[in-house]
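Visitor: My questions all concern the structure below.
No lab work stands behind these numbers, since they all come straight from the coordinates. The model shown is predicted, which means the values in this text are computed figures rather than measured ones. As a convention, Cβ positions derive from the backbone with ideal geometry for all residues, glycine included, and neighbour counts pool all protein chains shown.
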Amino acid sequence: MLTLSDLPLRDDLRGKEPYGAPQLAVDVALNVNENSHPVPPTVVDAVRRAVDAQLRGLNRYPDREFTRLRELLLTYVQDFSSRQSGDGSTPADFLTADWLWAANGSNEVLSHILQAFGGPGRTALGFVPSYSMHPLITQSTGARWIAVDRGEDFSLSAETAAAAVREHQPDVVFLCTPNNPTGGGLPAEVIEAVLHASTGIVIVDEAYAEFARPGYTTAVHLLRENPRLVVSRTMSKAFAFAGVRLGYAIAHPAVTDALRLVRLPYHLSALTQAAACAALEHTPVLLDNVEALIAERDRMVTALTELGFDVAETDANFVLFGGVSDTRLLWQRLLDAGVLIRDIGIPGHLRVNAGTTEETTAFIEAISVIVAAHP
Ligand code: PMP
């Protein structure tokens, strides 16, 4: 049997494991931080019409610069920033469509950034535990990954972050806020300290920004003064659009221009662009479930705390809980009860994402029964 080791694979890829969250057919899937709510019927109709309008024209390549999508993403980012400012100001009014970038999921956005600013002989630094794809994307471009540990409680101070950046002088820094898998957001001063200490690109991965508690601030307003900052976002979580694969970034037009050097021509299909544009035209309907998911997340936090677990602070649509004596066993027992959650490899910890009310109840009931039977 031919195996990987028989192939002329790049030396730096030997022994690496691909991303591998289990995809299992279960009743209650709460393992990959998706939005549990199906796309609402009005949006389904709009997407169907938009996709349908493209079908005869599929003999042609799509708009390489995804012009309309950029405009709609711009409007969303500006609205989100104004809502967050809380005082009616429009802190992102300096942005124009050429500050927007998009790709097939924010994973591809991150890959474009690392292809342009990472690569052989370069380094990227992140604060772990964090999103497992950051090192994989870094290494796939031939760059070296530098992992710096967060504190005991998974916090990250401005001093620790800036000191690590000054010591290693990486070409790229990853900050993830709210952080996957721990859940908490970063104070603005950490991002500012890293920007100050760094001479490279600073990526702020805000995949879960819409779920953050009051007080969280997006890094978008820092873009005006910081041309090496890239804020990355996705429609996979709050927008309930993971299946479409649409991620985006906001960065100085010189940075988005650099990304055009590495993207494959016509990387966003006409169908993807049409579906994403139709969805963005229905943003309020799509985001309607965000509040419900936040309520379910908070219900999980309360229930897990009452069961005696150590629950991490969360600004995301998921909860990390510690104090698990045997992670593999609890994970399996939940799976046997039809509930799939995630073992992300942090000793004593498991992660579960908020579901619909029924799914959240199923999880809470299942774990309560397990804890009662095996105290
Ligand atoms: N960033 C973070 C922090 C994530 O957790 C994820 C998805 N799990 C992504 C980026 C990638 O999401 P997508 O490619 O679906 O946009």
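Visitor: So what is the relative contact order of segment 41-281, in percent, for Cα pairs below 8 Å that sit 6 or more residues apart?
Guide: 27 percent
Visitor: Ok, one more. Work out the charge dipole of the chain with +1 on the Cβ of Lys and Arg and -1 on the Cβ of Asp and Glu about the Cα centre, then indicate which of Asn35, Val231, Pro91 is farthest towards its positive end.
Guide: Of Asn35, Val231, Pro91, it is Val231.
Visitor: Find how many whole Å separate the alpha carbon centroid of segment 273-287 from the alpha carbon centroid of segment 111-159.
Guide: 31 Å
Visitor: OK, next. What list of ³J(HN,Hα) values in whole Hz, one per residue of segment 62-73 in order, does the Karplus curve 6.51 cos²θ - 1.76 cosθ + 1.60 (θ = phi - 60°) give from phi, with Gly and Pro shown as x?
Guide: x, 4, 4, 9, 6, 4, 5, 4, 4, 4, 5, 5
Visitor: Could you put Leu114, Leu340 in order, starting from the residue whose Cβ has the fewest other Cβ atoms within 10 Å?
Guide: Ascending Cβ contact count within 10 Å gives the list Leu340, Leu114.
Visitor: Sort Val202, Val109 so that the residue with the fewest other Cβ atoms within 10 Å of its own Cβ comes first and the one with the most comes last.
Guide: Val202, Val109
Visitor: Which of Thr96, Thr361, Thr141 has the fewest other C-beta atoms within 10 Å, and how do the rest follow up to the most?
Guide: Thr96, Thr361, Thr141
Visitor: Separate question: Any idea how far the Cα center of segment 240-261 sits from the one of segment 11-27, in Å?
Guide: If you average the Cα positions of each part, the centres end up 24 Å apart.
Visitor: Once you keep just the Cα pairs under 8 angstrom separated by 6 or more residues, what percentage relative contact order results for segment 22-111?
Guide: Relative CO of segment 22-111 lands at 19 percent.
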